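J.: Starting off with a structure, shown below.
The values are calculated or read from the model by the stated rules, or taken from the named source; none is laboratory data. None of these values were measured; they are calculated from a predicted model. Neighbour counts run over all protein chains shown; Cβ positions are idealised from the backbone, glycine included.
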Amino acid sequence: MEVVWERGEAAVREVMEVLNDGAPKGRAYTTYMTIMSRLGDKGMLRRRREGKTDFYSPAYTRDQYTDLRARAEVESVLEQYGEVALAHIARQMAALDPPRRKALQRIARGT
C-alpha cells in the first residue's frame, strides 16, 4: 500500500521492484500480483487495465484507511471483550492531559 500511496498509481512490476530493492531475497512477481489482486477484490485498491498491464491506485487515502482500520479494530475488541474493554478505554482517556482529551473528544464528535 505504501508504494501505491506514494506514487498514486503503480503497476505490479513497479511495486515489486521497489519492495525487492535491497531485500536479501526478493519475492516473485506472481506473489505481488496475487497480493495486489486480492487487495483489489477487497476494495483496497482500484484496478485499471492498459494493454496487458494492470495499474493499481488506492481506494482510500492513508488517513481514510487508518480511520477504517482503527474503527474495525475497536469494534472487534469491543465485540470480544465488551464492558472490560470499555473500562480500559475510559481509564486511558481519564489519564490523558486535559488538552489532549479535549482534542480527542472533538475528533470523536467530528468537529
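Residue-by-condition table, conditions (1) over 23 Å from Tyr60 (Cβ atoms); (2) within 19 Å of the chain's Cα centre (by Cα); (3) surrounded by fewer than 15 Cβ atoms within 10 Å (Cβ to Cβ):
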{"position": "Glu2", "(1), (2), (3)": "no, yes, yes"}
{"position": "Val12", "(1), (2), (3)": "no, yes, no"}
{"position": "Met16", "(1), (2), (3)": "no, yes, no"}
{"position": "Gly22", "(1), (2), (3)": "yes, no, yes"}
{"position": "Lys25", "(1), (2), (3)": "yes, no, yes"}
{"position": "Thr30", "(1), (2), (3)": "yes, no, yes"}
{"position": "Leu39", "(1), (2), (3)": "no, yes, no"}
{"position": "Lys42", "(1), (2), (3)": "no, yes, yes"}
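J.: Hey, could you check region 86-111 for residues that are loosely packed, with under 10 Cβ neighbours inside 10 Å and small (Gly, Ala, Ser) and say which is modelled with the highest pLDDT?
T.: The residue in question is Ala95.
J.: Let me ask something else. Which residues, taken from region 10-55, are assigned to a strand (DSSP E or B) and closer than 30 Å to Ile107 by Cβ?
T.: Listed by number, the residues that qualify are Leu45, Arg46.
J.: Something else: Within region 60-83, is even one residue at pLDDT 95 or above and in a loop (DSSP other than H, G, I, E, B)?
T.: There is at least one residue in region 60-83 that is at pLDDT 95 or above and in a loop (DSSP other than H, G, I, E, B).
J.: May I pose another question? Count, please, the residues in region 52-111 that happen to be touching a residue at least 40 places away in the same chain (Cβ under 8 Å) and out of contact with any Phe, Trp or Tyr (no Cβ under 9 Å at 6 or more places or on another chain).
T.: Of the residues in region 52-111, 5 are touching a residue at least 40 places away in the same chain (Cβ under 8 Å) and out of contact with any Phe, Trp or Tyr (no Cβ under 9 Å at 6 or more places or on another chain).
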